[in-house]
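Heads up, the thing below is written out as structure tokens.
The values are calculated or read from the model by the stated rules, or taken from the named source; none is laboratory data. These numbers come from a predicted model, not from an experiment. Here the Cβ is made from the backbone with ideal geometry for all residues, glycine too, and neighbour counts use every protein chain on show. To get the accessible areas, we keep the full protein, side chains included, count just its heavy atoms, and leave off ligands, DNA and RNA. Shrake-Rupley method; radii C 1.70, N 1.55, O 1.52, S 1.80 Å.
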Amino acid sequence: QVLLVESGGRLEQAGGSLRLSCAASGSSLSSYAMGWFRQAPGKAREFVAAINWNGDSTYYADSVKGRFAISRDNAKNTVYLQMNSLKPEDTAVYYCAADPASGLRVEVPEYDYWGQGTQVTVSS
């Protein structure tokens, strides 16, 4: 089994930056595809960013391209989401996800494991 725990979410002003972390336990993530998703109240969970097993391929939602960056440190069993130029519409609970398949995955049903989420709030 894989356990994922997100951290780093907080209140931040528009234009500011945050870095979210996703720490894994129970299994090595060295061969897993990883992703970040977010969900605002009353809305469906949406894709944010994905990274393949060794970090040489990434993919981003159009809404965050040029502002967010996903990265991973397999030696630390951790995945990160650097969030710059934050906007109020970035406010949501952010979730980390993992799948044993090593290629990029961008849909919720494609992931086998999920964290509990961390709240990000951006003030206008």
Mind putting a number on the dipole of the chain about its Cα centre? Charges go on the C-beta only, +1 for Lys and Arg and -1 for Asp and Glu, and I need it in Debye to the nearest 20. 280
Along the charge dipole of region 83-124, pointing to its positive end and built from +1/-1 on Cβ of Lys, Arg, Asp and Glu, which listed residue (Thr121, Ala98, Val108) has its Cα farthest out? Thr121
Solvent-accessible surface ranking, highest first, for Ser85, Ser27, Ser124 at 1.4 angstrom: Ser124, Ser85, Ser27
Output the antiparallel fraction of DSSP beta bridges having both residues in the chain, as a percent to the nearest 5. 90
Need one value: the accessible area of Trp53 in square angstrom, 1.4 angstrom probe, rounded to the nearest 10. 110
Surface per residue (accessible, 1.4 Å probe) for the chain, Å²: 49
Computed E for Ser28/Lys65 - FRET, C-beta separation, R0 25 angstrom, nearest 0.05: 0.25
How large is ³J(HN,Hα), in whole Hz, for each residue of region 109-124 in order, when computed from phi with the Karplus curve 6.51 cos²θ - 1.76 cosθ + 1.60 and θ = phi - 60°, using x for Gly and Pro? x, 7, 9, 8, 10, 9, x, 8, x, 9, 7, 10, 10, 10, 7, 8
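Of Tyr94, Tyr59, Tyr113, which has the most accessible area with a 1.4 Å probe, and how do the rest follow in descending order?
Working: Tyr94 0, Tyr59 110, Tyr113 65 Å².
Result of the area sort, largest leading: Tyr59, Tyr113, Tyr94.
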With a 1.4 Å probe and every protein chain kept in, tell me what percent of the accessible surface of the chain is carbon plus sulfur. 47
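When DSSP beta bridges are limited to those with both residues in region 1-66, what percentage is antiparallel, rounded to the nearest 5? Display every interim value, and only then the final one.
On the way: 13 of 13 bridges.
Of all bridge pairs located within region 1-66, approximately 100 percent are antiparallel.
How would Leu11, Leu104 rank on accessible area, largest to smallest, probe 1.4 Å?
Working: Leu11 120, Leu104 75 Å².
Listed by decreasing accessible area, they come as Leu11, Leu104.
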